[in-house]
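> I have a structure here, written as structure tokens, and I will follow up with some questions on it.
The values are calculated or read from the model by the stated rules, or taken from the named source; none is laboratory data. In this text, all values refer to a predicted model and were calculated from it rather than measured experimentally. Note: ideal-geometry Cβ built from the backbone for every residue, glycine included; neighbour counts use all protein chains shown. The accessibility values were calculated without ligands, DNA or RNA, using every heavy atom of the protein model including side chains. Shrake-Rupley method; radii C 1.70, N 1.55, O 1.52, S 1.80 Å.
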Amino acid sequence: MLWIDIDRDKPIPLTRQIYCEFRDKILRGEWTAGFKLPSTRKMAQELRISRNVVIEAYDQLFVEGYIESRQGSGYFVAPGIYLEQFARGTDLPQPSPGDQSEGLIDFRSGVPDLEHFPRSLWGKTVQRVCQDAPLSAFGYNRPEGRAELRDVLSRYLYRTRGVQCAPERIVMTSGATQALMLIAKVLLAPESRVLIEDPITQDIQTIFASTGARLCPVPVDACGMAMDKLSATPVNAAPSFVFVTPSHQFPLGTTLTIQRRIQLIQYARSVDCYIVEDDYDSEFRYESPPISSIQGLAPERVIYIGSFSKILSPGLRLGYLVLPEALVERYQKAKWLTDLHTSSIDQLALARFIEEGHLEKYVTRMKKLYKKRRQCLTDALRDTFGDQVAIWGEAAGLHIVAAFSHVRFTPDVVAALEAAGVRVYPVEEHTIAKGRHADKIVLGYGNVGEEKIAEGVARLEKGLALHGMHG
Ligand SMILES: Cc1ncc(COP(=O)(O)O)c(C=O)c1O
């Protein structure tokens, strides 16, 4: 009796089960070199399975060298196969437990409405590109991306964002995130300094800090980065760059005033550093036209980052850098050494999508939807919490910040809210200097319908009341 454990109900073929049982016994040292395996016929009888199944399992063990055959005597365990501390993994990857948080209303920021993605139009565009793109598009291409897209993009950026750039100044990237990674790679070293808005996303902090560079936080107030604090921030050496999200600060939502933009450019010129302008969601402004970029005021000083994640889909991973002329070649090299180039077919599809006017029409349509959602969220918050809540930031983007006079969003409070069915994101998670924004949460509304927004605010009220913080 060999104590082979096989189970006909398992979704694993019997051959595989026998193979694994035998292999494991050999590796664990239960069966040592020279041990004789039962004949395939006896094994098949014992397990009451077809002999072919056993033969196949033995063949596999033989091919992999676990057993050897001796003419006329059968199969024996081969020498030298005991593996110390052999632990058998699970046979099959276990199915993931599914979305544990079903029913949860998630106010995650920065996610556009996914249901409205123009699937059919985008699909048709990709199909046309596949049919008539030049052969070169299917080979290795240049790191900065396809000229067709950079041409269209330079005109689009001038029209919509006041960005001044020849197509040669653009390097296409895999989203804004890769643009940030390339900036870190090219401009930062362990002794570098970065002046950065505080708060700012945790990911951006991690990307810059991972080079060993020191982050020097500059607070943000209702007019954006506090410029008086900038010149007062102790920086031993000139910073490599100042990082800003001037059109719509993330997360606080403020817009850098024109006076401060001028001060920022003057500062960068005086210490001879760059300004990195992250323009991640600026197309969405609901009560005024989009603010022009800082890049348009000082193209030689500004590294401008853009992305199609919010205006189209984060799943496409399409973003770009607009660079001062002096930096272009270094970024092309860095991009090449990172992933050669961004998908040429997707780039060509995007070029057509913009050229044929689909992108601007889509943005206009989505702006109406987001404006309504934003209104719905701010109305619900004011109706529910009255003067205990203040809304931060401009009517722009895909999120708001709500400040509560009577709440501090500690991990316990956030967990209690999650138990009440609503997920919110404390601003403190994005701060460098801790403790100044504990009363605030970021609420993203891009991918939350109006009904869910109302229900989410109701759950927020209930959750806070249970915690003794409201009502
Ligand atoms: C301020 C900011 N910059 C950059 C990004 C990265 O965007 P992506 O890599 O999807 O283009 C985000 C994402 O939400 C963001 O909030």
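> Which residue out of 166, 176 is within 12 Å of the ligand (Cβ to nearest atom) and touching a residue at least 12 places away in the same chain (Cβ under 8 Å)?
176
> Could you identify the single residue in 399, 406 that is open to solvent by 50 Å² or more (accessible area, probe 1.4 Å) and in contact with a Leu (Cβ under 9 Å, 6 or more places away or on another chain)?
Values: 399 fails: open to solvent by 50 Å² or more (accessible area, probe 1.4 Å).
Only one candidate passes the filter, namely 406.
> Name the residues in region 298-313 that are closer than 16 Å to residue 273 by Cβ and open to solvent by 10 Å² or more (accessible area, probe 1.4 Å), would you?
Selection gives 299, 300, 301.
> Looking at region 299-317, I want the residues that are modelled with pLDDT of 95 or more and have a partner that is of a type in the set (Val, Ile, Thr) and within 9 Å of the ligand (Cβ to nearest atom) with Cβ atoms under 8 Å, at least 6 apart or on another chain. Which pairs are those?
Matching pairs, first to second residue: 314/111.
> A follow-up question, please. Residue by residue through region 421-441, note down the ones that are surrounded by fewer than 20 Cβ atoms within 10 Å (Cβ to Cβ) and farther than 25 Å from residue 455 by Cα.
Once the filter is applied, which keeps residues that are surrounded by fewer than 20 Cβ atoms within 10 Å (Cβ to Cβ) and farther than 25 Å from residue 455 by Cα, region 421-441 yields 432, 433, 434, 435, 436.
> Quick one: would you say residue 295 is crowded, with 16+ Cβ neighbours inside 10 Å, modelled with pLDDT of 95 or more and within 11 Å of the ligand (Cβ to nearest atom)? Talk me through it step by step, then tell me what you get.
Details: crowded, with 16+ Cβ neighbours inside 10 Å: yes; modelled with pLDDT of 95 or more: yes; within 11 Å of the ligand (Cβ to nearest atom): no.
No: the conditions fail for residue 295.
> Given the conditions (1) within 44 Å of the chain's Cα centre (by Cα); (2) part of a helix (DSSP H, G or I); (3) exposed (fewer than 14 other Cβ atoms within 10 Å of the Cβ), report the number of the one that residue 21 does not fulfil.
Every condition holds for residue 21 apart from (3).
> Only one residue in 121, 135 is touching a helix residue (DSSP H, G or I) at 6+ places or on another chain (Cβ under 8 Å), open to solvent by 30 Å² or more (accessible area, probe 1.4 Å) and modelled with pLDDT of 95 or more. Which one?
The match here is 121.
> Still on this structure, please answer the following. Can you work out which of the residues in region 157-206 that are modelled with pLDDT of 95 or more, of a type in the set (Ser, Thr, Tyr) and open to solvent by 20 Å² or more (accessible area, probe 1.4 Å) is farthest from residue 334 (Cα to Cα)?
201
> Follow-up question, since we're still on this one. Being more than 14 Å from the ligand (Cβ to nearest atom), open to solvent by 10 Å² or more (accessible area, probe 1.4 Å) and closer than 24 Å to residue 395 by Cα is the filter here, so list the residues in region 256-282 that pass it.
Correct list: 257, 258, 259, 260, 262.
> Select from region 404-450 the residues that are β-branched (Val, Ile, Thr) and over 24 Å from residue 468 (Cβ atoms) and list them in ascending order.
431, 432, 448
> Right, here's the next one. Scan region 397-409 and tell me whether some residue there is part of a helix (DSSP H, G or I), under 20 Å from residue 105 (Cβ atoms) and among the hydrophobic types (A, V, I, L, M, F, W, C).
Checked against the condition, which is being part of a helix (DSSP H, G or I), under 20 Å from residue 105 (Cβ atoms) and among the hydrophobic types (A, V, I, L, M, F, W, C), region 397-409 yields no hits at all.
> For region 65-84, name all the residues that are without any contact (Cβ under 8 Å) to a residue 24 or more places away in the chain and closer than 25 Å to residue 12 by Cα. Before you say what the answer is, go through the steps one by one.
Taking region 65-84 as the starting set, the residues that turn out to be without any contact (Cβ under 8 Å) to a residue 24 or more places away in the chain are 65, 68-72, 84.
Once the filter is applied, which keeps residues that are without any contact (Cβ under 8 Å) to a residue 24 or more places away in the chain and closer than 25 Å to residue 12 by Cα, region 65-84 yields only 65.
> A further question on this structure: Could you please let me know if residue 382 is within 28 Å of residue 455 (Cβ to Cβ), in a helix (DSSP H, G or I), open to solvent by 70 Å² or more (accessible area, probe 1.4 Å) and in contact with a strand residue (DSSP E or B) (Cβ under 8 Å, 6 or more places away or on another chain)?
Spelling it out, residue 382 is indeed within 28 Å of residue 455 (Cβ to Cβ), in a helix (DSSP H, G or I), open to solvent by 70 Å² or more (accessible area, probe 1.4 Å) and in contact with a strand residue (DSSP E or B) (Cβ under 8 Å, 6 or more places away or on another chain).
> I've got another one for you. Report, by residue number, each residue of region 171-204 that is within 22 Å of residue 248 (Cα to Cα) and more than 22 Å from the chain's Cα centre (by Cα).
194, 195
> Here's something else I'd like to know. Which members of region 365-379 meet the condition of being of a type in the set (A, V, I, L, M, F, W, C) and either open to solvent by 70 Å² or more (accessible area, probe 1.4 Å) or within 14 Å of residue 281 (Cβ to Cβ) (or both)?
Listed by number, the list holds a single entry, 366.
> In region 418-456, what residues are within 27 Å of residue 220 (Cα to Cα) and in a helix (DSSP H, G or I)?
Within region 418-456, 427, 428, 429, 430 meet the criteria.
> Another question, then. Condition first: within 29 Å of residue 128 (Cα to Cα), open to solvent by less than 20 Å² (accessible area, probe 1.4 Å) and outside any helix (DSSP H, G or I). Now tell me which residues in region 314-348 satisfy that.
318, 319, 320, 321, 322, 342
> Anything in region 122-138 that is in contact (Cβ under 8 Å) with a residue 40 or more places away in the chain and among the aliphatic types (A, V, I, L, M)? List them, or say none.
Within region 122-138, 126, 129, 133, 137 qualify.
> Now, a different point. May I ask you to list pairs of residues, at least six apart or on different chains, whose Cβ atoms are under 7 Å apart, with the first in region 319-347 being more than 25 Å from residue 126 (Cβ to Cβ) and the second being among the acidic types (Asp, Glu) and part of a loop (DSSP other than H, G, I, E, B)?
Within 7 Å, the pairs are 324/300; 332/144.
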